[in-house]
Amino acid sequence: MRFFGSSNIKNFVAAHLRGRTDVRGCTAVDIPAGAGQASALLRELGARVEPYDLFPEFFQVQGLECRPADLTKPLPIPDAHAELVLCQEGIEHLPDQLAALRELNRILKPGGTLLLTTPSVSHLRAKLSHFLVESELYNRLPPNEIDSIWFAGPQPEPLYFGHIFLVGVQRLRVLARLAGLRLERVHAVKASGSSLLLGLFWPLVALANLYAYAASVRRHRHLDRAWVRSVYGEVLRLNLNPNILFGKHLFIEFRKEATPAEAVARFHQNHKVPQL
């Protein structure tokens with residue numbers, strides 16, 4: 001975790017991409033591509049990059065074509081097409097995040113990687129701000145029609161939502177699992193100073209989570225014990241992860257584990273209650 005310097009999430013994504021060994025030669029989809037900073041870097045690193053955006057006219061990279069795509073609808077991309085999908089600062093604008101994650105999974109090859117960033121509502125300051133004013137920022141009111149409905153194009157449609165659908169790490173995790181994606185890693189970003197100060201309450205946070213874990217495990221005695229402990233253990237570790245408790249952004253790496261249909265079938269099997 002970085003304590004000084006810029007908090008711009010794009011810088012952390014760029015540093016991560018430069019450090020990966022699997023970018024050169026891969027097919028990488030950048031959606032939403034925005035002005036194209038990440039697309040330009042992916043091309044520089046040797047990827048076959050394909051940029052997409054709801055407003056492709058804002059794309060500024062010479063020699064690359066940004067194609068129109070709407071993450072609220074089926075994407076114009078074939079199944080199992082890309083080894084890498086980059087989704088920066090997009091998921092918080094989408095009303096149906098499960099559908100979007102299923103589409104991003106669909107275009108990934110088996111074992112492919114989804115890199116996703118979004119403003120964090122899971123760090124300690126955001127949690128306190130939400131308690132006080134129901135907003136992730138203590139100096140802003142909750143989502144409303146003044147701040148949270150944006151018109152990025154010359155026409156009234158398509159409507160572009162602001163941060164109405166901010167999503168925490170735990171909801172992202174379970175939606176991704178339903179889509180067939182497994183959370184592999186939460187990458188370090190710039191720390192929130194106020195969250196670090198609130199770290200004084202970490203022992204209380206830890207105790208509350210350990211109690212909730214134990215109570216949850218006891219509640220589901222009819223389910224496979226190994227599966228229950230595995231799921232709740234992952235949830236517990238995320239709730240105590242320093243990159244989540246103190247980081248200003250969520251920068252998450254997901255791996256394609258199954259198709260959405262396979263994921264749902266697996267959960268259905270796990271939730272079957274034994275016959276008495």
Classified through the alpha carbon gyration tensor (a ≥ b ≥ c as square roots of its eigenvalues; rounded if a/c is under 1.5, else prolate when a/b is larger than b/c, else oblate), segment 203-251 comes out oblate
One checks the Cα atoms of segment 4-118 and finds Rg and Dmax, in Å, of 13.3, 42
Those helices of the chain passing the 24 Å axial Cα length cut-off and the mean Kyte-Doolittle cut-off of -1.0 (DSSP H runs only) are 202-219
Note: S6 to R225 extended length (0.36 nm per residue) minus current alpha-carbon separation gives 74.4 nm
Quick calc: nm separation of the 7 Å Cα→Cβ label points for L132 and Q60 -> 3.5
When the charge dipole of the chain is computed with +1 at the Cβ of Lys and Arg and -1 at the Cβ of Asp and Glu, the Cα pointing farthest to the positive end, of F59, H163, V231, is that of V231
Using eta = 1.567 mPa s and T = 4 °C, Stokes-Einstein with Kirkwood Rh from Cα pairs puts D for the chain, in µm² s⁻¹, at 65
Residue span Y211 to L240: 0.36 nm per residue of separation minus Cα-Cα distance leaves a gain in nm of 9.1 nm
The FRET efficiency for R185 and T27, from their Cβ-Cβ distance with R0 = 30 Å and rounded to 0.05, is 0.90
Taking 9-19, 30-40, 51-61, 196-206 and ranking on average Cβ neighbours within 10 Å, highest first, one gets 30-40, 51-61, 9-19, 196-206
Cross-link reach from K73 to lysines, straight Cα distance under 27 Å and at least 8 residues apart if same chain, gives K10, K109, K256
Projected onto the charge dipole of segment 171-276 (unit charges on the beta-carbon of Lys, Arg, Asp and Glu, signs +1, +1, -1, -1), the Cα from L200, Y213, A176 with the largest positive-side position is that of Y213
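Read-outs: derived from the displayed coordinates by stated rules, not from any lab. All values derive from a computational prediction rather than experimental measurement. Reconstructed Cβ throughout: ideal geometry from the backbone, glycine too, with neighbour counts over all protein chains shown.
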